[in-house]
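J.: Have a look at this one.
The values are calculated or read from the model by the stated rules, or taken from the named source; none is laboratory data. Since we're looking at a predicted model, the values are computed, not measured. Every residue, glycine as well, gets a Cβ built from its backbone with ideal geometry; the counts of neighbours run over all protein chains shown.
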């Protein structure tokens, strides 16, 4: 019997005659179907002389098969029907996955199955895709995470596969394409056999119908036995530890990483001891390791997890993100970590903690249905390789009886004698350079550390989690209302309630400030206030999130937006604590400094992010009256604690709020929660708050605008953004439909045929609810001017035109978009989000989503082609580039 969540899905496992093991899930209410194939081999299984071979094969399977030879057949079919697809190559696993509207699952499965039956692997495509692999590698060469991992690999036993270079580039895949094809065929012949594959399929059809589809599509999978896995040495030879390494990052960051070789986790034991220790190490709040080090101004964040999971060992890592001041106290911080580990060993391994984790794991399993289809099948493809099929869904959430000795045994490996300490310091100097992702580093012998945490304080472990509640057994017996209802409007405060099916409640709150926040100082002070709140409430927010209460605090153009999703009984406690903090807790110098350093580190990291990601954010910065990271960092130098204190005082005495509560919540409960909010605001006769729509920079049709990004990455990156002049439903419908249509043609011509770079995309990108569309290319070889010329040629001069498609293909794109939009209207959380977006722009009837849906349904190919030529191309052209 397959253990499934208590929902409406049915499941079945089967093994095809070839030996392929399959998990089927039937969900009649599914808006998206999907499938994933997990191959039990990855980069760690490559021949040492051909690094990147597994990665290259992953790319090649998408580029045509004997049955469907066109290299864009699968992407065009999936995306043309409103679906998504991707793949990922890991150390010991390669996963291929997609989602698509249920009516088109059979066609997608037929094309997907051919990846594993008869891929083309043409010599010409191999030569082209090798360049894409190289461009991907070059785009990541300056990524500090890759550079840190690259140095760690230099310290592993060179006989262990994990010590190798995995990404692949033009040099490691430098064999002539014919030889490379032979290597790909040999790798596929060895590992892409039915016994080494696991397939998961989720669809709306009954299980019998899904089984027939799978049996028909995948009957040609090659069979045969798998060779036994090769034996591996330990990751790090025991006599080489302890060891300390200093590394100079490419960008400004300060970290201390304490790494320990440990026995490889055994998922099938259902004990999760490393997760147990990781949660204790990273708990926040007063008296915790995080709290004590943050109070001293040394630490901004902490994480603890298994970094490398291999056999027979794994690498457990405690990652401490430090301030510049913290970097000077590495010895004391290391001592604090080991003292805290002693405290965990003394009284942290407790039965009540295990029971609490069991409750939370069971709740997460019960609500597994909230995961998107593509992420759901992707995770199951991994779990089918880790757990027996009957535990494939429950495995990550199953916790068996408490075994304190297992946790204690794991803890016994986290000792100074077993330590690899890595200091990531901009001031570090190196006497050697790591290959592949070049980074200067120096091995400085055994790490120095104190025996104990010398400061006179006692660490405190996390208390019981007050946000854990008994969850409902199923959807409430209540009818769903199509529209939110206004419960209260005092001018300062407006409260809407919407009843929706499901067990969760969605809460949206805009804390609205009367003053203008479109200035640079207003933006920075708002972000600082949010960062300070998150530091003050670190412990409570962490426990709330662990208990399944998803919560975000974000800046918007007139204040702060709080969005939360959870069970009604969780909200009141969190809201009361948040409001008490916002209204009454003092803003101390130490907490202000910590919030400022957290923001500065975040903005510095964003400055050095991939250029294409930054270009996607640039329309909001340059047209939506935002500010760049450089401008924010410059403004931060002028802000003192007194500035934030004064800003909060002014903010509180002129603020109001808008609130939507949607989901499993009675109107009386909604009124009660709203009363909590309103009672917390300063009393007295105050004017109504004026809600303003965000301002967008005026642009003239037919004109061209240029905005340059101050990028640190050497690649050229160019984006062309075409924003609509208004937000009519028809314009949104046309922009949404053009996005996938243009993306497929753009990707095929500039990425596949012209090999311009690794990142090539066209995407729907609204700006403050106003439609827009962006086309983007990041290239390691062409200049900005050359990329602009290619993009312009694609839109204006290419033959055929991107919108010259046959009516049948147009219907595929339109029907796929319609299914996606209709699915959003059926999902309670997405319906709530759409209603909130409508309310914030004054659409109290929440008609916008249905108006857009009707506009898409009524759109014809001729109308879209006319819109493209007569209305879309003449829009302002906004060039964004490095």
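J.: Taking residue 620, is it modelled with pLDDT of 90 or more, outside the structural domain of residue 778 (by TED's automatic domain parsing), farther than 19 Å from residue 556 by Cα and assigned to a helix (DSSP H, G or I)? Give the derivation first.
T.: Details: modelled with pLDDT of 90 or more: yes; outside the structural domain of residue 778 (by TED's automatic domain parsing): yes; farther than 19 Å from residue 556 by Cα: no; assigned to a helix (DSSP H, G or I): yes.
No, not satisfied.
J.: Moving to a separate point now. Report the residue count in region 406-431 for those that are closer than 30 Å to residue 170 by Cβ and at pLDDT 95 or above.
T.: The total comes to 2.
J.: I would also like to ask the following. For region 313-393, which fully contained helices (runs of 4 or more DSSP H) count at least 2 residues that are more than 20 Å from residue 545 (Cβ to Cβ), in contact (Cβ under 8 Å) with a residue 24 or more places away in the chain and touching a strand residue (DSSP E or B) at 6+ places or on another chain (Cβ under 8 Å)?
T.: Filter on region 313-393 gives 324-327, 330-347, 373-386.
J.: With the structure loaded, tell me whether residue 548 is buried (at least 20 other Cβ atoms within 10 Å of the Cβ) and either at negative phi or not in a helix (DSSP H, G or I) (or both) or whether it fails that test.
T.: Yes; evaluated as a whole, the condition is true for this residue.
J.: Considering (1) under 22 Å from residue 268 (Cβ atoms); (2) touching a helix residue (DSSP H, G or I) at 6+ places or on another chain (Cβ under 6 Å), say which one residue 313 fails and leave the rest.
T.: Checking residue 313 against (1) under 22 Å from residue 268 (Cβ atoms); (2) touching a helix residue (DSSP H, G or I) at 6+ places or on another chain (Cβ under 6 Å), the one that fails is (2).
J.: Quick one: would you say residue 23 is assigned to a helix (DSSP H, G or I), in contact with a strand residue (DSSP E or B) (Cβ under 6 Å, 6 or more places away or on another chain) and within 27 Å of residue 397 (Cβ to Cβ)?
T.: No; evaluated as a whole, the condition is false for this residue.
J.: Among the numbered criteria (1) in contact (Cβ under 8 Å) with a residue 40 or more places away in the chain; (2) in the same structural domain as residue 140 (by TED's automatic domain parsing); (3) surrounded by fewer than 18 Cβ atoms within 10 Å (Cβ to Cβ), which single criterion is violated by residue 158?
T.: Going through the list (1) in contact (Cβ under 8 Å) with a residue 40 or more places away in the chain; (2) in the same structural domain as residue 140 (by TED's automatic domain parsing); (3) surrounded by fewer than 18 Cβ atoms within 10 Å (Cβ to Cβ), residue 158 breaks only (1).
J.: Within region 235-264, count every residue that is within 21 Å of residue 440 (Cβ to Cβ) and in a loop (DSSP other than H, G, I, E, B).
T.: Of the residues in region 235-264, 7 are within 21 Å of residue 440 (Cβ to Cβ) and in a loop (DSSP other than H, G, I, E, B).
J.: Sticking with this structure for a sec: Going through region 779-817 one residue at a time, which ones are buried (at least 19 other Cβ atoms within 10 Å of the Cβ) and within 19 Å of residue 102 (Cα to Cα)?
T.: 810, 812, 813, 814, 816, 817, listed by residue number.
J.: I'm trying to understand the selection: among the residues of region 623-637, which are modelled with pLDDT of 90 or more and either in a helix (DSSP H, G or I) or in contact with a helix residue (DSSP H, G or I) (Cβ under 8 Å, 6 or more places away or on another chain) (or both)?
T.: 627, 628, 629, 630, 631, 632, 633, 634, 635, 636
J.: Now a separate question. Conditions first: (1) surrounded by 15 or more Cβ atoms within 10 Å (Cβ to Cβ); (2) at pLDDT below 85; (3) at positive phi. Residue 436 passes all but one, so which condition is the exception?
T.: (2)
J.: On the basis of being touching a residue at least 60 places away in the same chain (Cβ under 8 Å), over 25 Å from residue 236 (Cα atoms) and in the same structural domain as residue 410 (by TED's automatic domain parsing), does residue 283 make the cut?
T.: yes
J.: If you don't mind, there's one more thing I want to ask. For region 271-285, check the following and say yes or no: at least one residue is over 26 Å from the mean Cα position of the chain (by Cα) and over 20 Å from residue 411 (Cα atoms).
T.: no
J.: From the list 239, 269, 303, exactly one residue is surrounded by fewer than 17 Cβ atoms within 10 Å (Cβ to Cβ) and under 26 Å from residue 532 (Cα atoms). Which is it?
T.: Numbers: 239 fails: under 26 Å from residue 532 (Cα atoms); 269 fails: under 26 Å from residue 532 (Cα atoms).
So the residue among 239, 269, 303 that is surrounded by fewer than 17 Cβ atoms within 10 Å (Cβ to Cβ) and under 26 Å from residue 532 (Cα atoms) is 303.
J.: Suppose the filter is under 30 Å from residue 205 (Cα atoms), surrounded by fewer than 22 Cβ atoms within 10 Å (Cβ to Cβ), touching a residue at least 60 places away in the same chain (Cβ under 8 Å) and within 28 Å of the chain's Cα centre (by Cα); does residue 169 pass it?
T.: Working: under 30 Å from residue 205 (Cα atoms): no; surrounded by fewer than 22 Cβ atoms within 10 Å (Cβ to Cβ): yes; touching a residue at least 60 places away in the same chain (Cβ under 8 Å): yes; within 28 Å of the chain's Cα centre (by Cα): yes.
The answer is no for residue 169.
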